[in-house]
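The structure under discussion appears below in the form of structure tokens.
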Amino acid sequence: MGKKMKKVALIFGITGQDGSYLAELLLKKKYIIHGVKRRSSSANTDRIDHLFDSVNFSNKNFFIHYGDISDGTSTLNIINKIKPDEIYNLAAQSHVRVSFDVPEYTADITALGALRILESIKILNLRKTKYYQASSSEMYGLVGKRKSLNEKTPFHPRSVYGVSKVFAYHAAVHYREAYGIFASNGILFNHESPRRGPTFVTKKIVQGLVRIKKGLQKKLTLGNLYAIRDWGHAKDYAVSMWKILQHKKADDWVIATNKENTVKNFVNLTAKKLSLRIKWVGKGLNEKAINIETKKVIIDLDKKFLRPTEVDFLKGDFSKARKKLKWKPVITTNELIEDMIEEEILK
Ligand code: NAP
Ligand code: F7E
């Protein structure tokens, strides 16, 4: 009997928040990992530098390749060279607000990028390669009733980011139905971590309030305080991605915590953990938070952080994943905030 072959995974978007947690998880599971990094003028491997030799771009089980999912030839060549067991497509222009400014670019990367990977699997006739699509709760968009959303809830996206994710979702379903490719969608609700990009609201709040506490910043400026989100921890959600591809058949899965919080609640919870006593005053765009001790305004609002169309409410019902994948979130919102604060304080 020969030695059991190690599984090979190819991760598009390995330099992002989720890519880094997924890479850590798969290395622990003894995978050989290939990651695709796009060329940038300054370093973009901060989140994965601890996993490989950044000079030679590799270690024994971890290899980085230059590539870009806007480039169909490079995408096809990488997939052909590696012929992975599993492909995780986490690459995207992932910022909703930014998608209003760069819609065509967002669609090229977030929608057509997914198509390019699926088409490569088809052209190369990789019958055994499984495909994971990073789908998003932003696909739901405008929700009628404020109830938990599941795999059967219809989509009504509110941004080109959301529209692009709906395209990529349906592309995965289509390649599954038309060509028998094992293509699954993880419909992930918001998930955060110390590695979250600085312009997403949770990181912006934690970073801002920690800096205010340290006396390094005077004020934090936000947009809509009343949007409701279901925030989980990216580390838990990386586990779900892997489980989705280990399931016996390709399918679509909601991954969430089924808990809701407004942006304002997230601010209040973070301020409390930092022992910053705040009081909210004013209405609409004039709403502000005052530091009770110093009497200074430490949070105000600016309309530049509002979106032409907002997604007011997102909360996910992950019963299907709980039952069939035996997945559930482990890290609570409070622990998530503590984890984010801890990392920020050490900076
Ligand atoms: P992220 O931190 O923004 O990471 C996105 C990754 O995509 C980065 O590695 C980025 O590279 C890469 N990328 C961007 N354009 C690319 C291109 N043209 N070619 C190749 N790679 C490219 O996002 P994340 O939070 O980890 O999310 C991972 C995926 O899940 C994304 O598809 C996102 O849309 C989706 N999603 C996220 C959430 C969430 O709450 N985090 C929820 C649902 C779905 P650089 O490092 O060079 O920028
Ligand atoms: O906004 C409000 C904002 O940018 C959350 C991405 O990972 O999750 C993420 O998209 C809420 C929105 O995330 C500010 O209007 C208020 O209602 O952190 P965010 P998002 O748009 O929910 C989904 C699931 C993804 O798939 C995406 O890739 O917070 N908000 N004030 C603000 N948002 C930002 N960014 N900045 C503010 O100042």
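The values are calculated or read from the model by the stated rules, or taken from the named source; none is laboratory data. Keep in mind it's a predicted model, so treat the numbers as computed, not measured. So basically every Cβ, Gly included, is an ideal-geometry build from the backbone, and we count neighbours across all protein chains shown. Heavy atoms of the whole protein, side chains included, go into the accessibility calculation; ligands, DNA and RNA do not. Shrake-Rupley method; radii C 1.70, N 1.55, O 1.52, S 1.80 Å.
Here is the link list: Lys128/Lys320; Lys30/Lys324; Lys147/Lys264; Lys4/Lys37; Lys83/Lys204. Which ones come out longer than 27 Å on Cα distance?
In this structure, Lys4/Lys37; Lys83/Lys204 lie more than 27 Å apart at Cα.
Given R₀ = 41 Å, what would the calculated FRET efficiency be for His156 paired with Arg127, taking r from the Cβ atoms and rounding to 0.05?
0.70
Need one value: the accessible area of Lys83 in square angstrom, 1.4 angstrom probe, rounded to the nearest 10.
For Lys83, the solvent-accessible surface is approximately 110 Å².
So, R0 is 51 Å and r is the distance between the beta-carbons of His50 and Leu285; what FRET efficiency does that work out to, to 0.05?
0.75
Using a Gaussian network model of the chain whose springs link C-alpha atoms within less than 10 Å, name the residue from Tyr237, Tyr175, Tyr226 with the highest mean-square fluctuation.
With Cα springs under 10 Å in the chain, the top fluctuation among Tyr237, Tyr175, Tyr226 is at Tyr226.
Determine the dipole magnitude for region 256-345: charges of +1 sit on the beta-carbon of Lys and Arg, -1 on that of Asp and Glu, nothing else is charged, the reference point is the Cα centre, and the result goes in debye to the nearest 20.
The calculated dipole for region 256-345 is roughly 440 debye.
In whole percent, what relative contact order does region 74-220 give with Cα contacts below 8 Å and a gap of six or more residues?
25
Return the long-range amide H neighbours of Thr257 (sequence gap of 5 or more, or a different chain), with a cut-off of under 5 Å between placed amide H atoms.
Under 5 Å from the amide H of Thr257 lie the amide H atoms of Gly316, each far enough along the sequence or on another chain.
With every protein chain present, what is the per residue accessible area of region 90-227 (1.4 Å probe, Å²)?
Value returned for region 90-227: 42 Å² of accessible area per residue.
Return a whole-number percent for the relative contact order of the chain, with Cα pairs under 8 Å and 6 or more residues apart as the contact set.
Reported relative contact order: 17 percent.
Could you name the aspartates and glutamates whose alpha carbon sits less than 19 Å from that of Lys218, not counting residues in the same chain fewer than 8 places away?
Here the aspartates and glutamates satisfying the reach criterion relative to Lys218 are Glu287, Glu293, Asp300, Asp302, Glu344.
At 222 nm, what value in deg cm²/dmol follows for the chain if DSSP H runs of at least 4 each add -39500 (n - 2.57) and the sum is divided by all its residues, to the nearest 500?
Rounded to the nearest 500, the figure is -10000 deg cm²/dmol.
Show me, for region 84-101, the HN-Hα J-couplings you get by feeding each phi into the Karplus relation (A = 6.51, B = -1.76, C = 1.60, θ = phi - 60°), rounded to Hz, glycine and proline as x.
For region 84-101, the Karplus-derived couplings read x, 6, 9, 10, 10, 9, 9, 6, 5, 7, 9, 9, 4, 4, 5, 5, 6, 8 Hz, x marking Gly and Pro.
Just want to confirm a number: the relative contact order over region 126-167, from Cα pairs under 8 angstrom separated by 6+ residues, in percent.
Relative contact order of region 126-167: 44 percent.
Accessible surface of Arg322 in the full protein assembly, 1.4 angstrom probe, to the nearest 10 Å²?
130
Per residue of region 267-279, in order, report the coupling 6.51 cos²θ - 1.76 cosθ + 1.60 (Karplus, θ = phi - 60°) as ³J(HN,Hα) in whole Hz, putting x for Gly and Pro.
Residue by residue, region 267-279 yields 4, 4, 5, 5, 4, 4, 5, 8, 6, 9, 8, 10, 10 Hz.
Mind listing the phi-derived Karplus ³J(HN,Hα) values for region 144-156, rounded to whole Hz, using 6.51, -1.76 and 1.60 with θ = phi - 60°, and x for any glycine or proline?
Values, residue by residue: x, 8, 7, 10, 4, 9, 10, 5, 9, 5, x, 8, 8 Hz.
Roughly to the nearest percent, how much of the accessible area of region 96-203 is carbon and sulfur, given a 1.4 Å probe?
57
Rounded to two decimals, what is Rg over Rh for the chain when you use alpha-carbon atoms and the Kirkwood radius?
0.98
For the cross-link pairs Lys28/Lys203; Lys165/Lys326; Lys259/Lys303; Lys279/Lys328, which exceed 30 Å when the distance is taken from alpha carbon to alpha carbon?
Lys279/Lys328
Expressed as a fraction of 2.2 N^0.38 Å, the rule-of-thumb size for a compact globular protein of N residues, what is the C-alpha radius of gyration of region 1-98?
Against the empirical 2.2 N^0.38 Å value, I get 1.08 for region 1-98.
Quick one: dipole size for the chain, taken about the Cα centre, charges +1 on Lys/Arg Cβ and -1 on Asp/Glu Cβ, in debye to the nearest 20.
Once rounded to the nearest 20, the dipole reads 880 debye.
If packing is taken as the average number of other Cβ atoms within 10 Å across a peptide's residues, how do 145-152, 5-12 rank, most packed first?
5-12, 145-152
Under 5 Å between amide H atoms, partner at least 5 residues away or on a different chain: which partners does Ser135 have, H built in plane at 1.01 Å?
Answer set, sorted by chain and number: Gly186, Leu188.
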